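What follows is one structure encoded as structure tokens, with my remarks underneath.
Any read-out appearing in this document is the output of simple, stated calculations on the displayed coordinates, not a laboratory observation. Note that the structure is a prediction, hence the values are computed from the model and not measured. Please note: Cβ atoms are built from the backbone with ideal geometry, for glycine as well, and neighbour counts cover all protein chains shown.
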Amino acid sequence: MPLFRLQEGWCGVSITAHGIYSLTLPAPSREAAAGGLERAGAEVDDDDLRRRLVCELTAYFQGTPVSFSLPVDLSGYSQFQRMVLRELAAIPWGSTRTYGEVARAVGRPGAARAVGNSCARNRTPLIIPCHRVTASGGLGGFAGGLEWKKRLLALEGIQW
């Protein structure tokens, strides 16, 4: 299982022929990173993609604005979820959108809750920056926990 260590902790990555299938947020141990990783059926060992990922994540955690250029495998998501995830990937560093704004952007203005559910199912946090999506009245949720969400937003210059 591809695990790697960043200064912030251990990460796990699952890669298929179509790109990065899943990625864990930094965890305190190899075991925690491995336990949080969603596995794909047909994984590949792509050292070049993994090296690029580590390089981009390292720059990200150093506070460098990063627009992740890595391919992501969106298989297993519904059409709506794929639309939402593509919209999230377009949110630039240091910016946020509300769940309602994302819903309107994908042509489903009444689907803010469904956008939130799509964010919660995002297998590739950071690459697809679901932490940049907030509730209209506050921070909203985050599958990695609100402390991670606040930390990631603060890294990008957004304070909550």
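Taking the longest Cα principal axis of the chain as reference, the axis of helix 146-155 is set at about 90 degrees.
The relative contact order of the chain, computed from alpha carbon pairs under 8 Å that lie at least 6 residues apart in sequence, is 19 percent. Computed from the Kirkwood radius of its Cα pairs, the Stokes-Einstein diffusion coefficient for the chain at 37 °C and 0.692 mPa s stands at 207 µm²/s. The tail of the calculated P(r) for segment 3-61 beyond 15 Å holds 45 percent of all Cα-Cα pairs. Among 147-153, 137-143, sorting by the average number of other beta carbon atoms lying within 10 angstrom of each residue, highest first, gives 147-153, 137-143. Remark: the chain carries a charge dipole of roughly 520 debye about the Cα centre, counting +1 on each Lys and Arg Cβ and -1 on each Asp and Glu Cβ. Its relative contact order, with pairs defined as Cα atoms under 8 Å and 6+ residues apart, puts segment 1-96 at 23 percent.
How large is the dipole of segment 3-61 about the Cα centre if only Lys and Arg carry +1 and Asp and Glu carry -1, each at its Cβ, rounded to the nearest 20 debye? Don't jump to the answer; show the numbers that get you there.
Values: 6 positive and 9 negative charges, 26 e Å.
With Lys and Arg at +1 and Asp and Glu at -1, about 120 debye.
With no solvent and one point on each alpha carbon, what is the Debye value of log10 I(q)/I(0) for segment 79-155 at q = 0.15, 0.16, 0.21, 0.27 Å⁻¹? Scattering profile of segment 79-155, log10 relative to I(0): -0.41, -0.47, -0.84, -1.46.
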